[in-house]
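What follows is one structure encoded as structure tokens, with my remarks underneath.
The values are calculated or read from the model by the stated rules, or taken from the named source; none is laboratory data. Remember, it's a predicted structure, so these values are computed and weren't measured experimentally. Counting neighbours? That spans all protein chains shown, and the Cβs are built from the backbone with ideal geometry, glycine included. The protein model used for the area step is the full one, side chains on, heavy atoms only, and it has no ligands, DNA or RNA in it. Shrake-Rupley method; radii C 1.70, N 1.55, O 1.52, S 1.80 Å.
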Amino acid sequence: MISNYLTFFDKPDGKLKRHSKPTSLLGGLLILINLYLIIFSLRLFDIDNSTFDSNFEIVVIILGTLFYLIGLFDDLKNLTPNIKLLLLILSVLLIVYLFPQINLELIKISFLEKNYYFNQYSFLFTTLSFLLLVNAMNMFDGINLQLILFCSFVLILFIMKGFIPIFFILLFISLIFLGLLNFKNKIFLGDGGAYLLSSLLGSTFIYQYKKFDNYFFGDEVFVILIIPAIDMLRLFIERLLNKTHPFKGDLNHLHHIVDNFTKNKNLTIIITIGACIIPTIFLFMGFKTYNILILTVIIYISLISYLKLKNK
């Protein structure tokens, strides 16, 4: 096993890590290798519209690699939350400085005619967006298949929209095989894999905004990401109220609360991923995003409150 040689293992600690035996952390590395191979192969065969524009392609590769390495070091050395946050900020700022095209200069809301421009503050908004996304995705990881299924769902949306479909179809296939290994408890994504996938999703949401006419509006992107987003917000608020670091891990995530109630990890996955998919279904049915957001937040808060009460 490669992971035996590299000693990339997630070892149970009886606290936050409750799996039964050390498990390979090569999931993120496998995604990174697949990302390299897919981009190289599609460029080699010169398939039209098969991948990102050349400059944006470099952004995806460099940012994905940096994010993966930060997550990997965290997996191996258990970095402090502040160090992780600083490294992520520096990585995004570096990419924004070297490749200004990654900057998100404006935001468009589906139910408003006016566009909102960030002008000289665009780099701050871009950095904040990546930080929020990577933390939301990382917090959403913690039970087998959950993050892989959610990211696969987002890739399917990209494919349906026609955003460089060949690239995302190949990436989706690689996630299927990784998901099978993850389901069998053979391999974990680790922070490296979660950070890498976050960088890829974030870069694509910016790219589709700039390059495609049928882009997702800013509020539509938030609908797609709403469950991981509001779960992160709840955790931040509760941790601050409890006077703990907002990025310090605990067992209070959505999947933990649901799993404590169901006592069945497969059912837990069905519930959490279903909660992620339903708002997007309403979006494609033509419901206004503000109605979807309000309804989802109400249902989420009600569900969390009910399950916490039952779990006491």
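Out of (1) free of Cβ contacts under 8 Å to residues at least 24 places away in the same chain; (2) buried (at least 18 other Cβ atoms within 10 Å of the Cβ), what's the single condition that is false for Asp259?
In the conditions (1) free of Cβ contacts under 8 Å to residues at least 24 places away in the same chain; (2) buried (at least 18 other Cβ atoms within 10 Å of the Cβ), Asp259 misses (1) alone.
Among the numbered criteria (1) open to solvent by less than 20 Å² (accessible area, probe 1.4 Å); (2) under 24 Å from Leu32 (Cα atoms); (3) at pLDDT below 95; (4) not polar (S, T, N, Q), which one does Leu200 miss?
(3)
Could you count how many residues in the stretch 283-310 are surrounded by 13 or more Cβ atoms within 10 Å (Cβ to Cβ), in contact (Cβ under 8 Å) with a residue 40 or more places away in the chain and not aliphatic (A, V, I, L, M)?
6
With the condition being in contact with a Lys or Arg (Cβ under 6 Å, 6 or more places away or on another chain) and of a type in the set (A, V, I, L, M), I'd like the helices (runs of 4 or more DSSP H) fully within the stretch 185-275 carrying at least 2 qualifying residues.
Passing ranges: none, list empty.
Pull up the stretch 230-250, narrow it to residues that are over 17 Å from Leu85 (Cα atoms) and within 19 Å of the chain's Cα centre (by Cα), then point me to the one that is surrounded by the most Cβ atoms within 10 Å (Cβ to Cβ).
Looking at the filtered set, the residue picked out is Asp231.
Only one residue in Thr272, Thr280 is surrounded by 15 or more Cβ atoms within 10 Å (Cβ to Cβ) and touching a His at 6+ places or on another chain (Cβ under 6 Å). Which one?
Thr272
Take Phe73 and tell me if it is open to solvent by 80 Å² or more (accessible area, probe 1.4 Å) and within 19 Å of the chain's Cα centre (by Cα).
In short, yes.
Within the stretch 124-144, count every residue that is at pLDDT 90 or above, open to solvent by 30 Å² or more (accessible area, probe 1.4 Å), in contact with a helix residue (DSSP H, G or I) (Cβ under 8 Å, 6 or more places away or on another chain) and not polar (S, T, N, Q).
Selection size over the stretch 124-144: 1.
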